[in-house]
Amino acid sequence: MKHLFLFILLSTTMCFSQSELTHDVYFNTDEYDVPLTEENRILLFISSLDTIQIQKISIYGFTDDRGTNDYNLELSQNRANTIKELFSGYGIEESLITNVNGKGEILLKVLNENEVHKIRGLNRKVEIIVTPKPPKKEEVKKEEPVEVVEVKTEEPKANAKKTTDDIAKGTIKKGDKITLDKIYFKTSYSYVTSESKKTLEDLAKLLVEKKNIYFTIQGHVCCTQMSRDAIDKKTKKRNLSVARAKYIYDYLAKKGVDKKRMKYVGMRRKFPLGGAPELDRRVEILVTYVGKED
C-alpha cells in the first residue's frame, strides 16, 4: 500500500475535461478516513480553485470489488461524505456541493495478475468533479457622442497606507485602518504562524504604551465562496474570521492592553485583497477613537 500511495502522490490526478476539473482521493482497504498524504493533496487542489468561480461540485465514492453490494454501497457513501466534510472544513461553500453519492464497487479489470493489488487500490477512491461557471458574455454598447467640457478641479489626495509607525508617531486618527503586516495565520486555523510572533509582540508593547487609542480588530479569511465564513478546523465552527480577530484580542489583553479599548469582529471574506491567499488570512485594526495623550 505504501508503494501504491507513492505512485499516486507522484502522479497528477487533476486534469481538465472540457471545462471541468477533476481530482481523485484514494483510501486504504475498508476505511473512509482520508490518509494524511491524500489530505495534503486535497489542500493543493482546493488552493488551485481560489481564482475560479465555481458553479457546482460533485463528489462520487467508490470501492474495490471485494465485499457485498450493501457493504460497498455504504462504504462508498461514507467516503463521499468524508470528502464533503473536508471541503466544507477548508471553506468551500456547502451549497456548491450538489452531488454526494456512493456508487459502490468498480469491477476489477485485470490484464496482468501482478497488477491486481494496484488496480484494487486505484478503485478505492472518491472522484471530485468541479464545474466552473461559464464566462459572462460582455455586452457591447454603442457609445453616443458626448460633449467634453474641461473642468479644473483639485485631484483628491490618495489616503496613504497607515502602519504601526503612525501609531508610534501619533499621526493616527479616527477611521484609519491598519493592516498588520507580517502577521499570518495557519491555513484553516485561528492561531498565527511562528514567524508572526515577533511582530505581534511588538504591536502589543506599542498599544500598551499608546493608551489613548481605541480600536476594533477585524478578522479576515481567504478561499471561501459567497462571502460566508470559513470553518475553524480546531473547533469545527464556521467562524474562522471571528476566531482570528479574538485570538489577537486575547493576546493583546494578556499583554496588558485594556479590554475597554478593544473590540473584535469577523469580516468573513467580504474584502479580499486580490493577491495571494495568505494575504487574505489577515487581521486589520480600525481606529475608532483617539484621545489626547497623557
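The values are calculated or read from the model by the stated rules, or taken from the named source; none is laboratory data. What you see is a predicted model, and the numbers here were worked out from it, not measured in a lab. Don't worry about glycine lacking a Cβ; one is built from the backbone with ideal geometry, like all the others, and counts go over all protein chains shown.
Does residue 99 satisfy the criteria of being surrounded by fewer than 16 Cβ atoms within 10 Å (Cβ to Cβ) and either within 19 Å of residue 120 (Cβ to Cβ) or touching a residue at least 24 places away in the same chain (Cβ under 8 Å) (or both)?
yes
Would you mind stating whether residue 72 is surrounded by 15 or more Cβ atoms within 10 Å (Cβ to Cβ), in the same structural domain as residue 28 (by TED's automatic domain parsing) and in contact with a Phe, Trp or Tyr (Cβ under 9 Å, 6 or more places away or on another chain)?
yes
Could we say that residue 211 is touching a residue at least 60 places away in the same chain (Cβ under 8 Å), surrounded by fewer than 19 Cβ atoms within 10 Å (Cβ to Cβ) and part of a loop (DSSP other than H, G, I, E, B) here?
Spelling it out, residue 211 is indeed touching a residue at least 60 places away in the same chain (Cβ under 8 Å), surrounded by fewer than 19 Cβ atoms within 10 Å (Cβ to Cβ) and part of a loop (DSSP other than H, G, I, E, B).
Where residues in the range 30-58 are assigned to a loop (DSSP other than H, G, I, E, B) and either touching a Lys or Arg at 6+ places or on another chain (Cβ under 7 Å) or free of Cβ contacts under 8 Å to residues at least 24 places away in the same chain (or both), which of them is nearest to residue 86 (Cα to Cα)?
32
From the list 253, 204, exactly one residue is free of Cβ contacts under 8 Å to residues at least 24 places away in the same chain and touching a helix residue (DSSP H, G or I) at 6+ places or on another chain (Cβ under 7 Å). Which is it?
253
Return the residue satisfying two criteria in turn: it lies in the range 220-277 and is out of contact with any Ser or Thr (no Cβ under 7 Å at 6 or more places or on another chain) and β-branched (Val, Ile, Thr), and of such residues it is surrounded by the fewest Cβ atoms within 10 Å (Cβ to Cβ).
Within the range 220-277, the match that is surrounded by the fewest Cβ atoms within 10 Å (Cβ to Cβ) is 235.
Select, from 83, 106, the only residue that is more than 27 Å from residue 52 (Cα to Cα) and in contact with a strand residue (DSSP E or B) (Cβ under 7 Å, 6 or more places away or on another chain).
Criteria check complete, one pass: 106.
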